[in-house]
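Engineer: Have a look at the structure that comes next, please.
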């Protein structure tokens, strides 16, 4: 599909979500005539530029991988003054902007090419030339990404420019349940017959076909028509963000750590390990689902027994799609972060306990993550208390709540050891 519309899209970061969601959906919409992306890795900029702005994308369906071409995309490095100037000019004309970078921690630094400074300069130019109103999709995995980004941009704007800029822009949070990744290495890309990012590249974008993306409701007084029209606006995203973190992310992590304990390579391999899929489904519905339905009753059809069961069954099918080739290593990386007090495993346990739901299955996931970090905990469960207490220290958890969580994980370590010794994994 060629770029035939009259709108401009600007993205920050050229990873799998930018390439496989925002740029792809902008092209699919037929509403954009110009796609622009900012990227700070010179080799990535050079690669896309050498390919004339065109890149390959692989879309995993339930029965095949579809290979498509996207572009042309203009790519600029904000560290280079002339290219930063071009980005600022593009932002001034853009109706939709997205940030899809590794973390909200990368929004701001002291360089002139910092994301927050470039965005502020672009919004300032937008007011000067009376450019179109714009929305900014903050796609980083943080429930308050939009607020964090807006605060950073506000710092970079001169006091007299803030009111005019805010009249032109809305920062939106997102709930992106689309699984994606970058496949690297000649064997992985060529061996699986994937379309490389560019001819001869040893990298490939592989994303699932899912595009049911939730965003904050847009509140321009005069209204706003999105070019990417497949996204769904919600007046309150927080319940859905919790369903993503304590449902999708939590079960995905639980699956990865159970798979790691059995030396599985891909999430799809879990379909062939006895008891695992029923166990994951029970964790999803009877623990995460039961707690979130109690917490967010009457918010949306999702937070009903039928709605959450459908959500769980759809996600379990998608997570284990063999065409997605989602690796245990990728999903399970950084277990220390995923054991964080506010993160997916312990966070889900805390929500469950707060709603009177026993989180035994997610405790087993936390135990498996802990065993990945320090295998000795399997033989000496009592050592988990010190390890986890140190991990949670910065969060300053309530002592009684921490004691309850530690007790659950210590009991789960004994169950995990029994499972590894041949006992069945109870599905509940």
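Engineer: Given the criterion exposed (fewer than 15 other Cβ atoms within 10 Å of the Cβ), assigned by TED's automatic domain parsing to the domain that holds residue 22, touching a strand residue (DSSP E or B) at 6+ places or on another chain (Cβ under 8 Å) and at pLDDT 95 or above, identify the matching residue among 147, 140.
Structural biologist: Details: 140 fails: exposed (fewer than 15 other Cβ atoms within 10 Å of the Cβ).
Step by step, each of 147, 140 is checked, and only 147 is exposed (fewer than 15 other Cβ atoms within 10 Å of the Cβ), assigned by TED's automatic domain parsing to the domain that holds residue 22, touching a strand residue (DSSP E or B) at 6+ places or on another chain (Cβ under 8 Å) and at pLDDT 95 or above.
Engineer: Could we say that residue 251 is more than 17 Å from the chain's Cα centre (by Cα) and within 30 Å of residue 346 (Cβ to Cβ) here? Talk me through it step by step, then tell me what you get.
Structural biologist: Details: more than 17 Å from the chain's Cα centre (by Cα): no; within 30 Å of residue 346 (Cβ to Cβ): yes.
Considered against the rule, which asks whether it is more than 17 Å from the chain's Cα centre (by Cα) and within 30 Å of residue 346 (Cβ to Cβ), residue 251 comes out as no.
Engineer: Report the residue count in segment 150-163 for those that are out of contact with any strand residue (DSSP E or B) (no Cβ under 6 Å at 6 or more places or on another chain) and either closer than 17 Å to residue 97 by Cβ or in a loop (DSSP other than H, G, I, E, B) (or both). Full working, then the answer.
Structural biologist: Going residue by residue through segment 150-163, those that are out of contact with any strand residue (DSSP E or B) (no Cβ under 6 Å at 6 or more places or on another chain) are 151-163.
From what is left, the residues that are either closer than 17 Å to residue 97 by Cβ or in a loop (DSSP other than H, G, I, E, B) (or both) are 151-154, 156-158.
Of the residues in segment 150-163, 7 are out of contact with any strand residue (DSSP E or B) (no Cβ under 6 Å at 6 or more places or on another chain) and either closer than 17 Å to residue 97 by Cβ or in a loop (DSSP other than H, G, I, E, B) (or both).
Engineer: Return the residue satisfying two criteria in turn: it lies in segment 184-224 and is at pLDDT below 95 and outside any loop (DSSP other than H, G, I, E, B), and of such residues it is surrounded by the most Cβ atoms within 10 Å (Cβ to Cβ).
Structural biologist: My answer is 189.
Engineer: Further, regarding this structure: When segment 306-326 is examined, which residues are found to be in contact with a helix residue (DSSP H, G or I) (Cβ under 7 Å, 6 or more places away or on another chain) and either in contact (Cβ under 8 Å) with a residue 12 or more places away in the chain or under 18 Å from residue 362 (Cβ atoms) (or both)? Quick ask: steps written out before the conclusion?
Structural biologist: Going through segment 306-326, the residues in contact with a helix residue (DSSP H, G or I) (Cβ under 7 Å, 6 or more places away or on another chain) turn out to be 307-309, 311-312, 315-316, 319-322, 326.
308, 309, 311, 312, 315, 316, 319, 320, 321, 322, 326 - these are the residues of segment 306-326 that are in contact with a helix residue (DSSP H, G or I) (Cβ under 7 Å, 6 or more places away or on another chain) and either in contact (Cβ under 8 Å) with a residue 12 or more places away in the chain or under 18 Å from residue 362 (Cβ atoms) (or both).
Engineer: A follow-up question, please. Can you confirm whether residue 101 is closer than 21 Å to residue 48 by Cα, at pLDDT 95 or above and either in a loop (DSSP other than H, G, I, E, B) or not assigned by TED's automatic domain parsing to the domain that holds residue 222 (or both)? Break it down into steps so the answer makes sense when it comes.
Structural biologist: Values: closer than 21 Å to residue 48 by Cα: yes; at pLDDT 95 or above: yes; either in a loop (DSSP other than H, G, I, E, B) or not assigned by TED's automatic domain parsing to the domain that holds residue 222 (or both): yes.
So residue 101 passes the test.
Engineer: Quick check on segment 35-52. Is at least one of its residues in contact (Cβ under 8 Å) with a residue 60 or more places away in the chain and surrounded by fewer than 13 Cβ atoms within 10 Å (Cβ to Cβ)? Talk me through it step by step, then tell me what you get.
Structural biologist: From segment 35-52, those in contact (Cβ under 8 Å) with a residue 60 or more places away in the chain are 38, 40, 47-48, 50-51; that's our starting set.
Adding the requirement that they be surrounded by fewer than 13 Cβ atoms within 10 Å (Cβ to Cβ) leaves 50.
Looking for residues that are in contact (Cβ under 8 Å) with a residue 60 or more places away in the chain and surrounded by fewer than 13 Cβ atoms within 10 Å (Cβ to Cβ), one finds at least one in segment 35-52, hence yes.
Engineer: Can you go through 229, 298 and tell me which one is modelled with pLDDT under 95 and in a loop (DSSP other than H, G, I, E, B)? Talk me through it step by step, then tell me what you get.
Structural biologist: Values: 229 fails: modelled with pLDDT under 95.
Criteria check complete, one pass: 298.
Engineer: When segment 125-147 is examined, which residues are found to be over 19 Å from residue 10 (Cβ atoms) and outside any loop (DSSP other than H, G, I, E, B)? Talk me through it step by step, then tell me what you get.
Structural biologist: Within segment 125-147, the subset over 19 Å from residue 10 (Cβ atoms) is 141-144, 147.
If the condition is that a residue be over 19 Å from residue 10 (Cβ atoms) and outside any loop (DSSP other than H, G, I, E, B), then 147 is the only one that fits.
The values are calculated or read from the model by the stated rules, or taken from the named source; none is laboratory data. Please read all numbers here as calculations on a predicted model, not as lab measurements. Cβ atoms come from the backbone with ideal geometry, glycine included; neighbour counts cover every protein chain shown.
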